[in-house]
1. Here's a check for you: in the range 146-160, which residue that is under 17 Å from the mean Cα position of the chain (by Cα) and without any contact (Cβ under 8 Å) to a residue 40 or more places away in the chain is most open to solvent (accessible area, probe 1.4 Å)?
2. If you take the residues of the range 100-124 that are charged (D, E, K, R) and under 15 Å from Leu81 (Cβ atoms), which of them is farthest from the chain's Cα centre (by Cα)?
3. Exactly one condition in (1) under 15 Å from the mean Cα position of the chain (by Cα); (2) farther than 28 Å from Thr158 by Cα; (3) modelled with pLDDT of 90 or more is false for Leu43; which is it?
4. Answer with yes or no whether Lys57 is in contact (Cβ under 8 Å) with a residue 12 or more places away in the chain, part of a helix (DSSP H, G or I) and of a type in the set (Lys, Arg).
5. If we scan the range 25-39, do we find a residue that is of a type in the set (Lys, Arg), more than 16 Å from Phe133 (Cβ to Cβ), open to solvent by 30 Å² or more (accessible area, probe 1.4 Å) and outside any strand (DSSP E or B)?
6. Can you name the residue in the range 73-99 that is of a type in the set (A, V, I, L, M), under 14 Å from Met58 (Cβ atoms) and modelled with pLDDT of 90 or more and is also nearest to the chain's Cα centre (by Cα) among such residues?
7. Does the range 55-66 contain at least one residue that is surrounded by 13 or more Cβ atoms within 10 Å (Cβ to Cβ) and polar (S, T, N, Q)?
8. Could you please find all residues in the range 92-145 being assigned to a loop (DSSP other than H, G, I, E, B) and open to solvent by less than 30 Å² (accessible area, probe 1.4 Å)?
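The values are calculated or read from the model by the stated rules, or taken from the named source; none is laboratory data. For clarity, every value in this text was computed on a predicted model and none was experimentally measured. In this analysis, Cβ positions are derived from the backbone assuming ideal geometry, glycine residues included, and neighbour counts consider all displayed protein chains. Only protein heavy atoms, including side chains, enter the accessible area calculation; ligands, DNA and RNA are left aside. Shrake-Rupley method; radii C 1.70, N 1.55, O 1.52, S 1.80 Å.
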Amino acid sequence: IDACKVLDKLKVDYCLAFGVALGFHRQNDFIPYDADIDIAVKLDVKDKKKCKKIADKMWDAFHNAYFRPLRITYFKGDVTLIMQLGVLNETKVPIDIFFFYENIEEKYVVHYDDQGIIRFKKEHLNNIKKVKFKHGTFPMPTPTDDFLEFYYGKDWRTPTGKKEKHWH
């Protein structure tokens, strides 16, 4: 995943998320019906100006690495609360980078979205470990089984054949 190389150079706290994390952990590969790559980036909301600078640096770094910038979205127009950065890699696979903020809720890191809030347990994004998969070594939230059960439910090990969103 080329986007990880860009994020590694920027020394950003990130991990694979959603469908790509599910597919890599469950079947050591991408899920055939999942059309994008999802990445979670953890930021500390105490310093909103720093969050904005990091997002701007990421935008520039992806552009300079020949990714096609698609969008950067802000929560309710607040340019210090970035919801998502989207880029397209050279094979035209969308890469969605979701920003999760610490220090808003006690037990969770939260992602703001126009449809609601996505919560991950803090422990999942505070204990990121690099894991070797078929396509390389990538950072994953841990404990991964617990992360996937929290997000997808107890039946996360059973492929559904369709893309699903779960809101916490």
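1. Our first condition is that a residue be under 17 Å from the mean Cα position of the chain (by Cα); within the range 146-160, this holds for 146-152.
Checking which are without any contact (Cβ under 8 Å) to a residue 40 or more places away in the chain leaves us with 146, 149-150.
On the way: Asp146: 51, Glu149: 67, Phe150: 41 Å².
Only one residue fits best here, namely Glu149.
2. Here is the first cut: in the range 100-124, the ones charged (D, E, K, R) are 102, 105-107, 113-114, 119, 121-123.
Now drop any that are not under 15 Å from Leu81 (Cβ atoms), which leaves 102, 105, 113-114.
Working: Glu102: 14, Glu105: 19, Asp113: 13, Asp114: 16 Å.
Restricting to residues being charged (D, E, K, R) and under 15 Å from Leu81 (Cβ atoms), the top hit is Glu105.
3. Every condition holds for Leu43 apart from (3).
4. Numbers: in contact (Cβ under 8 Å) with a residue 12 or more places away in the chain: yes; part of a helix (DSSP H, G or I): yes; of a type in the set (Lys, Arg): yes.
Considered against the rule, which asks whether it is in contact (Cβ under 8 Å) with a residue 12 or more places away in the chain, part of a helix (DSSP H, G or I) and of a type in the set (Lys, Arg), Lys57 comes out as yes.
5. From the range 25-39, those of a type in the set (Lys, Arg) are 26; that's our starting set.
When the remaining residues are screened for being more than 16 Å from Phe133 (Cβ to Cβ), the result is none.
No; the residues of the range 25-39 include none that is of a type in the set (Lys, Arg), more than 16 Å from Phe133 (Cβ to Cβ), open to solvent by 30 Å² or more (accessible area, probe 1.4 Å) and outside any strand (DSSP E or B).
6. Ranking the candidates gives Ile97 first.
7. No, there is no match, as no residue in the range 55-66 is surrounded by 13 or more Cβ atoms within 10 Å (Cβ to Cβ) and polar (S, T, N, Q).
8. First, the residues of the range 92-145 that are assigned to a loop (DSSP other than H, G, I, E, B): 92-93, 103-107, 114-115, 127-128, 134-135, 141-143.
Result: Pro141, Thr142.
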